[in-house]
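The values are calculated or read from the model by the stated rules, or taken from the named source; none is laboratory data. Remember, it's a predicted structure, so these values are computed and weren't measured experimentally. Cβ: placed from backbone, ideal geometry, glycine included. Neighbour counts: every protein chain shown. Each accessible area value is taken on the protein alone, full model and side chains, heavy atoms only, with ligands, DNA and RNA left out. Shrake-Rupley method; radii C 1.70, N 1.55, O 1.52, S 1.80 Å.
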Amino acid sequence: IAAEQNCEKRIALTSGLFRVVVMTVALTAVGLWIVAPYVIEVMYSAQFHDATAPLRVLLVGAVARSGWSVLEADLKGRGRPWLAAQVGLLALLLSTSLNVWLVPLYESVGAAVSASAAYVLALSTALFVFRHVSRVAIVSAFRPRLEDLRRVVATAKTVLTQLALVPRIMCRATGRDD
């Protein structure tokens, strides 16, 4: 994003990247939301079942953070890192304030809510700033398109293909042929 000098191309690049990244992370988050209790039990044991709720709340924040990351890169690429820093500072202030209030009452779920709320605020603010700086309508720039879904599916196929190779690579690395 930072290397693109043409304003229209930068907007198209940022918008397309935003849509694909957010869509990919959102679809992944939905999948993880569904299997969260099972993943936690398999990875950590049934004793950690209570971690399901904070994980699910953090997934909302992960989707928002993914979009904010793309817009942050665009702002920095435009030579306006202070705008990105101000958005980050606003999110930090909200997160800190909510942590003081929610963590004593709701513990890990409170911490997850405060982090996710901060990321949602950062994304919302960054969208507003992006609209102001680029002078494009947010809905037209960031509305998902069919070609975005095709890119996400193609990327998912590539990733799954690579993941299928991991057991073979690990067997070769350890000298086992399981």
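Within the group Ala51, Ala64, Ala73, which residue is farther than 30 Å from His132 by Cβ, out of contact with any His (no Cβ under 9 Å at 6 or more places or on another chain) and assigned to a helix (DSSP H, G or I)?
Values: Ala64 fails: farther than 30 Å from His132 by Cβ; Ala73 fails: farther than 30 Å from His132 by Cβ.
Checking each option against the conditions leaves just Ala51.
Taking only segment 144-155 into account, find how many residues are in contact (Cβ under 8 Å) with a residue 12 or more places away in the chain and either open to solvent by less than 80 Å² (accessible area, probe 1.4 Å) or over 14 Å from Leu13 (Cβ atoms) (or both).
So the first thing to find is which residues in segment 144-155 are in contact (Cβ under 8 Å) with a residue 12 or more places away in the chain, and the list is 144-145, 148-149, 151-152, 155.
Now narrow it down to the ones that are either open to solvent by less than 80 Å² (accessible area, probe 1.4 Å) or over 14 Å from Leu13 (Cβ atoms) (or both): 144-145, 148-149, 152, 155.
Qualifying residue count, segment 144-155: 6.
Just to be sure before I move on: is Ile40 farther than 22 Å from Phe130 by Cα and β-branched (Val, Ile, Thr) in the structure I sent? Before the answer, list the steps.
Details: farther than 22 Å from Phe130 by Cα: yes; β-branched (Val, Ile, Thr): yes.
Taking the combined requirement at face value, the residue satisfies it.
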Query - Residue in segment 18-77 that is surrounded by the most Cβ atoms within 10 Å (Cβ to Cβ), counting only those that are over 30 Å from Ile138 (Cα atoms) and among the charged types (D, E, K, R) - result: Glu41
Query raised in the report: Is it the case that some residue within segment 124-132 is surrounded by fewer than 16 Cβ atoms within 10 Å (Cβ to Cβ) and of a type in the set (Val, Ile, Thr)?
Result: no
Query raised in the report: Within segment 121-130, can one find any residue that is among the β-branched types (Val, Ile, Thr), more than 24 Å from Thr28 (Cα to Cα) and not in a helix (DSSP H, G or I)?
Result: no
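Within segment 113-141, can you find the residues that are on the phi > 0 side of the Ramachandran plot and either of a type in the set (Val, Ile, Thr) or in contact with a helix residue (DSSP H, G or I) (Cβ under 7 Å, 6 or more places away or on another chain) (or both)?
Restricting attention to segment 113-141, the residues satisfying the condition of being on the phi > 0 side of the Ramachandran plot are 135.
Matches in segment 113-141: none.
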